[in-house]
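First the structure, in the form of structure tokens, and then the observations on it.
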Amino acid sequence: MIEILASHAFNTIQDLGRRGARRFGVSPSGAMDPVALEAGNALLGNDGDAASIEVQTFPFRLRFLADMAFALTGADHDATLAGRTVPPWWCMRASAGDILTIASPRRGARVYVAFEGGIDVPRVLGSRSTHLRAGFGGLEGRPLQAGDIVPTGSARNDASKHVDFGAEPPDMAIAGSEPAEDRVLRVRVMRAGEHILFSEAMRATFWSTKWKISARSDRGGYRLTGSKLTLAAPVEMRSHGVVAGVVQVPPAGEPIIQMSDANTAGGYPKIAAVIQADLWRLGQAPPGSFIAFEEVGYQDAVAAMAPVTSYLAGLRATADLYRAL
Amino acid sequence: MSINHHASPFVGVLEKDPKISLIGTLAMLVEAPGEFDLVQQGRIWALADALSSWPNVQEAVVGVTNVMLAFEQPPDDIDALGASLIELWHRLAPRNADGKLIEIPVVYGGELGFDLPAVAARAGLLEREVIRIHSEGEYTVCAIASSPGFGYLHGLDPRIYMPRKSVPSLNMRAGSVTIGGMQTGVAALDSPNGWNAIGWAPVAMFDPRLEQPSLMMPGDRVRFRIDRIEL
């Protein structure tokens with residue numbers, strides 16, 4: 001078990017999300033950076049889908065109430081355990097009573113704290129992810145707060161096993177994922193259903209604008225500012241299912257990218273959709289940062305997942321070896 | 001364009017294909033052609049039922065005259081999949097609104113039905129007439145969408161259509177019976193809501209502990225019964 005000592009708003013328990021419940025109106029939720037969540041679990045030998053803490057407001061502090069291994073992944077940040085520095089993308093063993101402190105990231109938006117055995121809250125509709133809007137999943141369906149006692153699963157690994165090593169983060173390890181010099185995150189998208197309804201000039205604006213992620217952005221969606229995309233004639237859309245990554249354009253013209261906690265339905269014209277291989281990178285883009293869109297076709301979008309999958313598989317294999325040393 | 005098969009309600013008529021589009025590599029949207037009507041919606045339900053058991057389909061999410069497929073993995077051959085969907089669309093018989101009948105007792109008006117006077121004023125009716133019209137209707141659940149357990153109900157009498165508010169009510173209670181445009185519904189969560197509250201129902205629309213967490217499902221029928229009137 002662990003005890004939360006300090007947590008600002010909107011830090012929650014998340015796994016890879018709730019599958020197959022959109023038809024009940026339930027959005028998937030789940031980690032905004034699923035690669036970081038899965039990597040933290042791989043470092044510890046957990047199932048990739050084990051629940052962790054997604055920290056997006058800082059500083060965050062917790063106390064270990066038992067000896068256990070943990071891992072820190074996600075945004076590039078400073079952390080200390082019992083006063084000693086813990087590098088980012090690292091796993092180590094904590095002793096009961098140790099305090100872990102996580103400071104604001106230098107780069108990126110969300111840090112994941114994974115625990116040996118995973119966080120052991122009940123699954124609701126197949127997932128431990130917190131569904132904030134409906135108030136279920138995670139810990140009582142709400143953000144973590146000081147005083148919370150969070151149960152963790154029983155350790156699978158022998159305590160004598162070696163746990164003090166790190167991993168290369170995916171934005172370093174995967175070619176093309178490294179941050180650009182101009183600090184604009186390139187995000188690959190496919191055209192979506194209503195792309196063609198926008199004039200050539202509007203489409204050119206969509207591709208050329210350096211979009212700012214506005215302060216009114218959260219796990220539900222990113223509101224973008226920088227240009228306005230308007231249609232020659234308004235389009236009446238009927239309510240339909242959407243998935244994370246869809247870029248919708250409301251009548252006011254400023255696009256919104258739906259993220260993990262988005263409604264299951266949308267009704268605005270869809271100009272594009274962020275590909276799966278770039279959603280985790282977008283999940284690390286904080287409000288105030290800039291993004292630009294690049295078009296890819298279906299086959300390239302599918303192929304773009306291969307380096308991500310192989311990165312995670314490689315990390316797991318290496319971590320298994322290290323723990324066996 | 002293709003010629004319909006015999007099972008279709010428009011035998012021998014050239015009928016447009018549904019519009020098929022991708023939302024990234026893991027979702028595909030199938031939109032029925034033409035205006036909204038319950039027959040097209042019934043064809044969407046039938047399509048969703050059939051597609052739910054297709055390999056690689058995680059779920060089929062019913063919308064208003066459309067269905068979105070969420071895939072486990074990106075499909076290998078998108079064009080072949082689209083062609084199969086179109087073929088199935090033309091071949092399938094629509095499903096009737098043959099789900100369960102849900103009767104919902106409503107406390108009309110009062111503290112939680114705070115928009116009833118505005119709805120009556122706009123319709124040029126007495127509040128009691130709005131209540132009578134609303135409670136005499138039979139409604140069809142078209143889709144569950146936008147928030148957990150929230151059903152889009154079709155069948156509202158045009159006399160009591162009421163546009164959504166431009167500024168949502170900040171904290172509408174779960175169970176609020178609402179009118180939004182041409183539709184009516186029952187709020188499933190406490191949350192901001194742009195629809196107009198005309199009453200409240202002591203019925204849990206959503207319970208995440210259940211395997212089937214949503215009381216309403218597409219194809220169900222709904223009747224509102226006057227439990228009490230508070231004017």
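State the number of residues belonging to region B:130-149 that are buried (at least 22 other Cβ atoms within 10 Å of the Cβ), part of a loop (DSSP other than H, G, I, E, B) and away from chain A (no Cβ under 14 Å). The number of residues fulfilling the criteria is 0.
Can A:ASP15 be described as more than 14 Å from chain B (Cβ to nearest Cβ), in contact with an Asp or Glu (Cβ under 8 Å, 6 or more places away or on another chain) and within 25 Å of A:LEU315 (Cα to Cα)? Judged against the criteria, A:ASP15 is a match.
Taking the criterion of being more than 9 Å from chain A (Cβ to nearest Cβ), out of contact with any helix residue (DSSP H, G or I) (no Cβ under 7 Å at 6 or more places or on another chain) and surrounded by 19 or more Cβ atoms within 10 Å (Cβ to Cβ), the only residue of region B:22-39 that qualifies is B:MET28. Taking the criterion of being within 13 Å of chain A (Cβ to nearest Cβ) and either more than 14 Å from B:LEU112 (Cα to Cα) or aliphatic (A, V, I, L, M) (or both), the residues of region B:167-193 that qualify are B:ALA174, B:GLY180, B:GLY181, B:MET182, B:GLN183, B:GLY185, B:VAL186, B:ALA187, B:ALA188, B:LEU189. Among the residues making up region A:182-207, those that are more than 16 Å from A:VAL249 (Cα to Cα) and either part of a loop (DSSP other than H, G, I, E, B) or in contact with a Pro (Cβ under 9 Å, 6 or more places away or on another chain) (or both) are A:ASP182, A:ARG183, A:LEU185. Strands (runs of 3 or more DSSP E) fully within region A:210-272 that include at least 1 residues being of a type in the set (D, E, K, R), under 23 Å from A:PRO287 (Cα atoms) and outside the structural domain of A:PHE24 (by TED's automatic domain parsing): A:211-213, A:221-225. Restricting region B:198-209 to residues that are out of contact with any helix residue (DSSP H, G or I) (no Cβ under 8 Å at 6 or more places or on another chain) and buried (at least 23 other Cβ atoms within 10 Å of the Cβ), the residue that is modelled with the highest pLDDT is B:TRP200.
Condition check ((1) in contact (Cβ under 8 Å) with a residue 12 or more places away in the chain; (2) under 20 Å from the mean Cα position of the chain (by Cα); (3) within 14 Å of chain B (Cβ to nearest Cβ)) across all residues:
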site: A:THR225; (1), (2), (3): yes, no, no
site: A:LEU231; (1), (2), (3): yes, no, no
site: A:GLU236; (1), (2), (3): no, no, yes
site: A:GLY245; (1), (2), (3): yes, yes, yes
site: A:PRO250; (1), (2), (3): yes, no, yes
site: A:GLY267; (1), (2), (3): yes, no, yes
site: A:GLN276; (1), (2), (3): yes, yes, yes
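Residues that are within 20 Å of B:PRO75 (Cβ to Cβ) and within 12 Å of chain A (Cβ to nearest Cβ) within region B:45-61 comprise B:ALA48, B:ASP49, B:LEU51, B:SER52, B:VAL57, B:GLN58, B:GLU59, B:ALA60, B:VAL61, listed in sequence order.
When A:ALA50, A:ALA9, A:ALA71, A:ALA66 are screened for being outside any strand (DSSP E or B) and either in the same structural domain as A:ARG281 (by TED's automatic domain parsing) or touching a helix residue (DSSP H, G or I) at 6+ places or on another chain (Cβ under 7 Å) (or both), only A:ALA50 passes.
Checked against (1) part of a strand (DSSP E or B); (2) in contact with a helix residue (DSSP H, G or I) (Cβ under 8 Å, 6 or more places away or on another chain), A:LEU43 passes all but condition (1).
Filtered by the rule that a residue be assigned to a strand (DSSP E or B) and under 21 Å from the mean Cα position of the chain (by Cα), region A:53-63 gives A:ILE53, A:GLU54, A:VAL55, A:PHE60, A:ARG61, A:LEU62.
Based on what the data block shows, is B:PHE71 under 22 Å from A:MET259 (Cα atoms) and either touching a residue at least 40 places away in the same chain (Cβ under 8 Å) or within 13 Å of chain A (Cβ to nearest Cβ) (or both)? So B:PHE71 passes the test. Looking at region B:78-117, which of its residues are hydroxyl-bearing (Ser, Thr, Tyr) and either within 20 Å of the chain's Cα centre (by Cα) or within 30 Å of B:ASP49 (Cα to Cα) (or both)? B:SER84, the sole residue that qualifies.
A:ALA306 satisfies every condition listed in (1) under 14 Å from the mean Cα position of the chain (by Cα); (2) assigned to a helix (DSSP H, G or I) except (1). On the basis of being touching a residue at least 60 places away in the same chain (Cβ under 8 Å), surrounded by fewer than 23 Cβ atoms within 10 Å (Cβ to Cβ) and more than 24 Å from B:LEU101 (Cβ to Cβ), does B:GLU127 make the cut? In short, yes. Among residues that are at pLDDT 95 or above, among the basic types (Lys, Arg) and more than 23 Å from A:GLY40 (Cα to Cα), A:ARG188 is included.
The values are calculated or read from the model by the stated rules, or taken from the named source; none is laboratory data. This structure is a prediction, so every number in the text was calculated from the model and none was measured. Every residue, glycine as well, gets a Cβ built from its backbone with ideal geometry; the counts of neighbours run over all protein chains shown.
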